[in-house]
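Asks: Have a look at this one.
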Amino acid sequence: MERLRGADLSQSDKCQKIMELAKRRGFFWPSYELYGGESGFIDYGPLGAILKRKIEEKWINQFVVKEGLMLIDTPVIGPSAVFEASGHTAHFTDPIASCSRCGRKWRADHLLEDQAGISAEGLALVELDAALKEHEVHCPECGGNLEAPQVFNELFKTTIGPYSEHVGYGRPETAQGIFVNFKRLHELARNRLPFGVAQVGKCMRNEISPRQGPIRLRELTIMELEFFFDPENPHCSKLKEVEEEKLRLLHEELIREGKNEPVELSVREALERNHIKAEWNAYFMVKAKRFLNELGISDGDQFFKEKLVGERAHYSAQTYDQVVRLSRWGFVEVSGHAWRTDYDLKMHMASSGVDLRAYVQFEKPRRVKKFTLKAHHKQLAQVFGKDSGRVTRLLELTPPEEVAEALKADGRYLLRGNGQTYTILPEHVTLKEEEVEEKGRRILPSVVEPSFGLDRLTYATLEYAYSEKNDRVVLKLPRDVAPIQVAVLPLVSKNGLPEKAEQIHSLLKGEGFAVEYDDAGSIGRRYARMDEAGTPIAVTIDYQTLEDGTVTVRDRNSWKQVRVSATKLPAFLREFFQGRDVFAVSS
RNA sequence: GCGGCCGUGGUCUAGCCUGGACUAGGACAGGGGCCCUCCAAGCCCCUAACCCGGGUUCGAAUCCCGGCGGCCGCACCA
């Protein structure tokens, strides 16, 4: 496929070998090769599909089952309203200006900021164009004039049904499927905070120029969870379990100082020094670190890198990327840990007009002075016509104090929502201040979001499992994600050994193991084949098996062998796959 | 999207500059057979490829153009 020469070769050697192995043994390969290929897409083959699924299962086990969270599954396609509310149609996009002389493309907003020192935030394309001209921004490379900026939106666009005006988008993240269901999910969590909801699924991002095989895809699988907590009670109840754990952080301060190396801080220190702003984020970062450890990626090969303000997604108040060292690309993001605050719920509440606040009960009822707001429906209907229903709902969701203050100061209140601004005058409402007994309050939960790229994790797992021994490949996949668990091999293919091996094969299959039988070629060749596929255990049936019913069990990593009686084999293997060091004990 | 390099069986590659003897060679992998007591042993046989389209030419894997794809650099990666 590709050929690399000279200095490139040594550095990308491992990646190269893995790509070859992946194609040869059926982990993954480029999609649509029959028609010349299409970049940004990969196919998972027989081994890869299972490996990927097992990593997903492991994640679900650790982040959903063990954490007591909920798992849901929502559509890939969503109507435009969802992504307009979430900000993706506006923000999942880049204004690109090309140079009319040299043809280079630039981020128009970045140029404006760099050359004119003006924030381009919130500027429409025409405004951006005007600003670029006004401040005489030129191509930084050749000084040529810039063409009018154009937007490129990375959402995949489609239509829903036969109506071209009914626009839908492929989701760029699974999160919105959770946010739009917040009310129901909170109800299912029996109206308690905190709680978390996870989702695993395909997402689409129409990348401008994807490369790097499984690292940057236009269609990818994301495993993410939204964890909702009370912003007024943001403490992580499980902090004790993790506060002494060390995290390697390359935090904002270090980056601003120009540093590249992370520092090692305990969770407690990181929180005390405000390098991590949300306790729950810290908690899940520890979980994420351990998760990668179990996929074979040690602490030294991963760390968390904070995203600077300009690099963060539009919804995020703080984001750490978990990065892993990969042989070809250096440190690559495999998960993001964003503190999304109440951004998404707030946006969906404003767009839909539905109250998405959670009710939090006080320990004791409190007597408080409080404004109450009563909307005058008839008056509002006269002024706003069709929109009055929505205006009324929005108005009633607004803190009355805010309305009262504005009316007092300016004589009017500007109500924003649904992409419009409505002017509320004193005669539209009745505001009363009274003392009431409150049993609780309504709040918009704050959200932390750990979000993992399953494709990248699958690749990283392969890369970290890859090793060579005596000129052959041994894929030391963690035993709980290996696609084939056990190989059953007759030592030779005669004298009744294959028949005996077939019995053992069926026995183990019946016990629920993923087993493969192989009697082709010499025993050494078959061991080698299984090492390359990452099969942790090989069971060999030999002449002694016929005499005393014991078989040889071979460990892929150490090549150690122990004899186990066939009847005890299932129990032995079960212990092995639960993580016990059965070879050290028995040999 | 720009620039550079590149595209040959399942995988890695030889051949391309200097067009013909290329019915495209090799290694590994795969299938069949012989052999058969533990780490890719050996022997025999077999399967299987010039990215796509156009052009130049008597003749194209080889030269030219376009497309697609890959790698690297720039840009992009909310």
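Asks: Taking the criterion of being open to solvent by 70 Å² or more (accessible area, probe 1.4 Å) and either away from RNA strand B (no atom under 12 Å from the Cβ) or touching a Ser or Thr at 6+ places or on another chain (Cβ under 6 Å) (or both), would at least one residue in the stretch A:521-540 satisfy it?
Replies: No.
Asks: Just a yes or no: is a residue in the stretch A:474-482 of a type in the set (Val, Ile, Thr), open to solvent by less than 20 Å² (accessible area, probe 1.4 Å) and within 15 Å of RNA strand B (Cβ to nearest atom)? Spell out how you get there, then give the answer.
Replies: Residues of the stretch A:474-482 of a type in the set (Val, Ile, Thr): A:474, A:481.
Still in the running and open to solvent by less than 20 Å² (accessible area, probe 1.4 Å): A:474, A:481.
Within this subset, residues satisfying the condition of being within 15 Å of RNA strand B (Cβ to nearest atom) are A:474.
Yes, the stretch A:474-482 contains a residue that is of a type in the set (Val, Ile, Thr), open to solvent by less than 20 Å² (accessible area, probe 1.4 Å) and within 15 Å of RNA strand B (Cβ to nearest atom).
Asks: Identify all residues within the stretch A:59-76 that are of a type outside the set (Asp, Glu) and either closer than 23 Å to A:Tyr466 by Cα or not in a helix (DSSP H, G or I) (or both); write none if there are none. Steps first, answer last, please.
Replies: From the stretch A:59-76, those of a type outside the set (Asp, Glu) are A:59-66, A:68-72, A:74-76; that's our starting set.
Selection gives A:Trp59, A:Lys66, A:Gly68, A:Leu69, A:Met70, A:Leu71, A:Ile72, A:Thr74, A:Pro75, A:Val76.
Asks: Return a yes/no flag: does the stretch A:137-160 have any residue that is modelled with pLDDT of 90 or more, part of a loop (DSSP other than H, G, I, E, B) and within 11 Å of RNA strand B (Cβ to nearest atom).
Replies: yes
Asks: Tell me which residues, restricted to the stretch A:438-463, are farther than 14 Å from A:Val334 by Cα and away from RNA strand B (no atom under 16 Å from the Cβ).
Replies: If the condition is that a residue be farther than 14 Å from A:Val334 by Cα and away from RNA strand B (no atom under 16 Å from the Cβ), then A:Glu438, A:Lys439, A:Gly440, A:Arg441, A:Arg442, A:Ile443, A:Leu444, A:Pro445, A:Ser446 are the ones that fit.
Asks: Quick one: would you say A:Ala514 is open to solvent by less than 60 Å² (accessible area, probe 1.4 Å), at pLDDT 95 or above and touching a helix residue (DSSP H, G or I) at 6+ places or on another chain (Cβ under 6 Å)?
Replies: Working: open to solvent by less than 60 Å² (accessible area, probe 1.4 Å): yes; at pLDDT 95 or above: yes; touching a helix residue (DSSP H, G or I) at 6+ places or on another chain (Cβ under 6 Å): no.
When the stated conditions are applied, A:Ala514 does not pass them.
To keep it simple, each residue is scored yes or no on (1) outside any helix (DSSP H, G or I); (2) within 14 Å of RNA strand B (Cβ to nearest atom).
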position	(1), (2)
A:Met19	no, yes
A:Lys23	no, yes
A:Trp29	yes, yes
A:Gly37	yes, yes
A:Gly40	yes, yes
A:Asp43	yes, yes
A:Ala49	no, no
A:Lys54	no, no
A:Glu57	no, no
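Asks: Let me ask another. Which residues, taken from the stretch A:324-348, are open to solvent by 50 Å² or more (accessible area, probe 1.4 Å), at pLDDT 90 or above and within 13 Å of RNA strand B (Cβ to nearest atom)?
Replies: So in the stretch A:324-348, the residues open to solvent by 50 Å² or more (accessible area, probe 1.4 Å) come out as A:325, A:328-329, A:331, A:333, A:339, A:346-347.
Remaining after also requiring at pLDDT 90 or above: A:325, A:331, A:333, A:339, A:346-347.
Hits for the stretch A:324-348 are A:Phe331, A:Glu333, A:Trp339.
Asks: For the stretch A:284-323, how many residues meet the condition of being more than 18 Å from the chain's Cα centre (by Cα) and surrounded by fewer than 16 Cβ atoms within 10 Å (Cβ to Cβ)? Break it down into steps so the answer makes sense when it comes.
Replies: Pass one, the stretch A:284-323, residues more than 18 Å from the chain's Cα centre (by Cα): A:296, A:298-301, A:308-310.
Going one step further and asking which of them are surrounded by fewer than 16 Cβ atoms within 10 Å (Cβ to Cβ), we end up with A:298-300, A:308-310.
Qualifying residue count, the stretch A:284-323: 6.
Asks: Here are the criteria: (1) assigned to a helix (DSSP H, G or I); (2) closer than 30 Å to A:Ala313 by Cα; (3) open to solvent by less than 10 Å² (accessible area, probe 1.4 Å); (4) not β-branched (Val, Ile, Thr). Tell me which single one A:Pro450 does not satisfy.
Replies: Evaluating A:Pro450 over (1) assigned to a helix (DSSP H, G or I); (2) closer than 30 Å to A:Ala313 by Cα; (3) open to solvent by less than 10 Å² (accessible area, probe 1.4 Å); (4) not β-branched (Val, Ile, Thr) leaves (1) as the failure.
Asks: Helices (runs of 4 or more DSSP H) wholly in the stretch A:349-434 with at least 2 residues that are closer than 28 Å to A:Val447 by Cβ and either open to solvent by 70 Å² or more (accessible area, probe 1.4 Å) or at pLDDT 85 or above (or both) - which ones? It would help to see each step written out before you state the result.
Replies: On the way: elements: A:377-384, A:388-397, A:400-410.
Once the helices (runs of 4 or more DSSP H) in the stretch A:349-434 are filtered for at least 2 residues that are closer than 28 Å to A:Val447 by Cβ and either open to solvent by 70 Å² or more (accessible area, probe 1.4 Å) or at pLDDT 85 or above (or both), what remains is A:388-397, A:400-410.
The values are calculated or read from the model by the stated rules, or taken from the named source; none is laboratory data. Please read these numbers as outputs of a predicted model, since none were measured by experiment. All Cβ positions, even for glycine, are placed from backbone atoms using ideal geometry, and neighbour counts span all protein chains on display. With ligands, DNA and RNA removed, areas are computed over all heavy atoms of the protein, side chains included. Shrake-Rupley method; radii C 1.70, N 1.55, O 1.52, S 1.80 Å.
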